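Worksheet for the structure shown next.
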2 protein chains.
Amino acid sequence: MNIGQAARATGISAKMIRYYESIGLIPAAVRTEAGYRVYGPTEIHMLRFIKRARSLGFSVEQMQHLLALWRDRDRASAEVKAVALEHIAELRAKIAELEGMVQTLQQLADCCHGDDRPDCPILEDLAASDEELSRPEIKDPI
Amino acid sequence: MNIGQAARATGISAKMIRYYESIGLIPAAVRTEAGYRVYGPTEIHMLRFIKRARSLGFSVEQMQHLLALWRDRDRASAEVKAVALEHIAELRAKIAELEGMVQTLQQLADCCHGDDRPDCPILEDLAASDEELSRPEIKDPI
DNA sequence: GTTGACCTTCCCATGGTTGGAAGGCGCATA
DNA sequence: TATGCGCCTTCCAACCATGGGAAGGTCAAC
């Protein structure tokens, strides 16, 4: 299997397969005499593992860890679970951050007429953050 | 006001203030004879606007737009609202994506014993995506 | 033998931010 | 006046994951 065929078979672009190889996420592929990378079922399986892990938002670093655990037939499932739980916590933190933004923005947007007049609570909010920002600056010179 | 003082007054790092200037988000600062950037109340206000917008997740490009509308005293609030609503939609899409990941991962983690045995539904899921991926590949050669 | 689709490596760009190096100011203190 | 410290300046590089493209080699079909 060529890199292009492997790409179509896994949904990972050829560019990314080369990249994953270059950073050591996957071992260097066997080459033909002409220098073409060759992929067998084992490599395809690993690439699909990576594809799935990426689709769940795992970073390359976390995938390094997961792949190592996958290869280790004697791993403790607790270790895998720990990686997953850590990632879940990161995702939830990110979600909470984004939801905070949405809540604020939605409130502001709800208060905005959205007509051809210039009065706009959204811009007023963005422009009026002087109080919260300047006060602590004064009373908090470490 | 120096760039360092402006940074402390706004919560934006000096590095980022220079960066915002370099990409044209803010106009080039007035300089002292020695080449030091000088910031007055107007610039501080603008930087605080930017700080607030960034904290709400607006991109630099969106901030370009918002700053232009802010400067235009005759803007239609509808235009501001449109920028905000577009951004809200982006945030919601991102949240939905992350929530999908969390849901899948949480289910897998719930099924994982998390002990010292090697059996792990999480790794099994990551490794078992062959069916969904390879079948459509065969019946879908365009 | 030519063509077209593939492969190779290499460099560059993205976005937003941080880090560091090398050299120039400004001010306080000895 | 000299020294030192902290600030400023510019430039260059890195992060993460991905895409784009150029220049050149290879393979297979016709």
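The values are calculated or read from the model by the stated rules, or taken from the named source; none is laboratory data. In this text, all values refer to a predicted model and were calculated from it rather than measured experimentally. Cβ: placed from backbone, ideal geometry, glycine included. Neighbour counts: every protein chain shown. Heavy atoms of the whole protein, side chains included, go into the accessibility calculation; ligands, DNA and RNA do not. Shrake-Rupley method; radii C 1.70, N 1.55, O 1.52, S 1.80 Å.
Residues of region A:37-51 that are open to solvent by 70 Å² or more (accessible area, probe 1.4 Å) and more than 11 Å from DNA strand D (Cβ to nearest atom): A:41, A:42. Only one of the numbered conditions (1) charged (D, E, K, R); (2) near DNA strand C (Cβ under 8 Å from one of its atoms); (3) more than 25 Å from residue A:99 (Cβ to Cβ) is not met by residue B:61, and that is (3).
With the structure loaded, tell me whether residue B:34 is modelled with pLDDT of 95 or more, outside any helix (DSSP H, G or I), more than 9 Å from chain A (Cβ to nearest Cβ) and open to solvent by 70 Å² or more (accessible area, probe 1.4 Å) or whether it fails that test. Here the answer is no, as residue B:34 does not meet what is asked. On inspection, residue A:77 does not qualify as closer than 16 Å to residue B:124 by Cα, of a type in the set (Gly, Ala, Ser) and out of contact with any Pro (no Cβ under 7 Å at 6 or more places or on another chain).
Of the residues making up region A:25-43, those that are within 29 Å of residue B:94 (Cα to Cα) and over 17 Å from the mean Cα position of the chain (by Cα) number 1. With respect to (1) within 15 Å of DNA strand D (Cβ to nearest atom); (2) over 27 Å from residue A:96 (Cβ atoms), the lone exception for residue B:11 is condition (2). Residue-level analysis places residue A:98 among those that are within 16 Å of DNA strand C (Cβ to nearest atom), within 7 Å of chain B (Cβ to nearest Cβ), aliphatic (A, V, I, L, M) and in contact with a helix residue (DSSP H, G or I) (Cβ under 9 Å, 6 or more places away or on another chain).
Residue A:91 fails exactly one of the following numbered conditions: (1) in contact with a helix residue (DSSP H, G or I) (Cβ under 7 Å, 6 or more places away or on another chain); (2) within 9 Å of another protein chain (Cβ to nearest Cβ); (3) within 12 Å of DNA strand D (Cβ to nearest atom). What is the number of that condition? Here residue A:91 clears every test but (3).
Summed over region A:28-44, the residues that are farther than 18 Å from residue A:9 by Cβ and more than 10 Å from DNA strand C (Cβ to nearest atom) give a count of 1. Of the helices (runs of 4 or more DSSP H) entirely within region A:53-142, those holding at least 1 residues that are at pLDDT 95 or above, among the β-branched types (Val, Ile, Thr) and not assigned by TED's automatic domain parsing to the domain that holds residue A:12 occupy A:77-111, A:121-127.
For (1) open to solvent by less than 50 Å² (accessible area, probe 1.4 Å); (2) charged (D, E, K, R), each residue gets a yes or a no:
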site: B:53; (1), (2): yes, no
site: B:62; (1), (2): yes, no
site: B:75; (1), (2): yes, yes
site: B:81; (1), (2): yes, yes
site: B:86; (1), (2): no, yes
site: B:93; (1), (2): no, no
site: B:103; (1), (2): no, no
site: B:110; (1), (2): no, yes
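Just checking, which of A:114, A:24 is within 16 Å of DNA strand C (Cβ to nearest atom) and open to solvent by less than 50 Å² (accessible area, probe 1.4 Å)? The unique qualifying residue is A:24. Only one of the numbered conditions (1) within 12 Å of DNA strand C (Cβ to nearest atom); (2) part of a helix (DSSP H, G or I); (3) open to solvent by less than 60 Å² (accessible area, probe 1.4 Å) is violated by residue A:16, and that is (3).
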